[in-house]
1. For SER50, SER280, what's the fewest-to-most ordering of other Cβ within 10 Å of each Cβ?
2. Please identify every one of the trypsin sites (Lys or Arg not before Pro) in the stretch 1-77 that sits in a loop by DSSP and has no more than 16 other beta carbons within 10 Å of its own beta carbon.
3. Using a simple spin-label model with points 7 Å from Cα along the Cα→Cβ vector, what separation in nm is obtained for LYS335 and GLU183?
4. Can you give the angle from 0 to 90° between the axis of helix 51-64 and the longest principal axis of the chain, with both taken from C-alpha atoms, to the nearest 10?
5. Hey, can you grab everything whose amide H is under 5 Å from the amide H of ARG82? Only 5+ residues off in sequence or another chain; H modelled, so Pro and N-termini drop out.
6. Among ALA39, PRO145, TYR94, which residue has its Cα furthest toward the positive end of the charge dipole of the chain, with +1 on Lys/Arg Cβ and -1 on Asp/Glu Cβ?
7. What is the spin-label model distance, in nm, from LEU11 to ASN41 if the labels are put 7 Å beyond Cα along the C-beta direction?
8. Take the chain, mark every one of the chymotrypsin sites (Phe, Trp or Tyr not before Pro) that falls in a DSSP loop and has at most 16 other Cβ within 10 Å, then report the longest stretch left between them, sites excluded.
Amino acid sequence: MAEQLGTLEELPQDYREDMTAAGVAPLWPMMRNVLPHGAPNPVTQAGYWSFPKIRPLLLRAGELTPVEKAERRVLVLSDPGRGAGAMQATATIYLGLQLLLPGESAPAHRHTPSAVRIVVEGRGGYTVVDGERLPMEPGDLVLTPGGEWHDHGHDGDEPVIWLDALDLPLFVLLEGSYAIEGELQAQRNRPDASQVEYSAAGLAPSRRPGRGARRYPMMRYPWAATETALRNMATYGEGVAELDYINPETGEDVLPALGFTAMMLKPGQSEAPPLRSCSSAFHVIAGKGRTEINGQVIEWGPKDTFTAPVFARLRHQAETEAFLVRIHDRPLQEKLGYYEERAR
Ligand SMILES: [Fe+2]
């Protein structure tokens, strides 16, 4: 197996010009770029976004751009490996911080990519998905799956900020990304499914044969329940408490391409996960600590966000009690049949 393949420069100029004129190019000078040996060679670099730095910029966007002019008032978290303005945080994960001011609403639409909102601050915001009104309390995880109508509103009296996580880069790559606009939805007059059908773990509504559940039966995961579950795991389990967000009817990940976990670290606790083939983003719900990503140290605090490329060597160390939500693309990689974890 040759270490070094032939280069473009080794080829005669007239041959190179004739190839270009014929619309072809030699594979061998480029092959190692697309098929490196042993492991991928990611473009994505570890990223870190300080909420205290971004919050004033987001509030200023609220003064500079009315929501009617923005539709979605969002500051996108750009992957440092792709540079400022990149519409992605990793190869598959888009992240944005969105601001909704009291009394504002964001128009209804549906689109091919799927989204998750993780509420960062403020009360009174809500998302309506397929007619179901989903309150947005700090730390809540709210799904707006691909193809489902959704709009946002705000009945409270303080700014609401949430983190959007979408599989948008994948849909852009597939040339499959588009949206359809619609009217604000009529809201069903009842609490969301996390309070009605799925209010207790291990229990789901009885169904008659042939009457299946909705594809996305539960679209809000209240933080209060998640935190209680993590604390129970931390008290009686071993290692760092980590829970998957799952579809309560199927046990599968909540979305087709993206998965989410909630983690709790006790003060001083550290965690060194295996090298995973998926990329990751971490959002700090509460607490302070540091994470080493391929030797680079990130010091994080409440409401900050950071990312890690595929096969990153990670070590988390909590300074205080800390809660993190991990966003990853394992579901997509499992569907494609190549998800992998390697020992450190
Ligand atoms: Fe949307």
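Values in this text are rule-based calculations from the coordinates and carry no lab data. Small disclaimer: the values here were computed from a predicted structure and weren't measured. Neighbour counts run over all protein chains shown; Cβ positions are idealised from the backbone, glycine included.
1. With the fewest neighbours first, SER50, SER280 line up as SER50, SER280.
2. Working: sites: ARG16, ARG32, LYS53, ARG60, LYS69, ARG72, ARG73; in loops: ARG72, ARG73.
The qualifying sites are ARG72.
3. It is 3.3 nm.
4. Roughly 80 degrees, rounded to the nearest 10.
5. Under 5 Å from the amide H of ARG82: GLN45.
6. PRO145
7. 1.8 nm
8. Between exposed loop sites, the widest span is 1-177.
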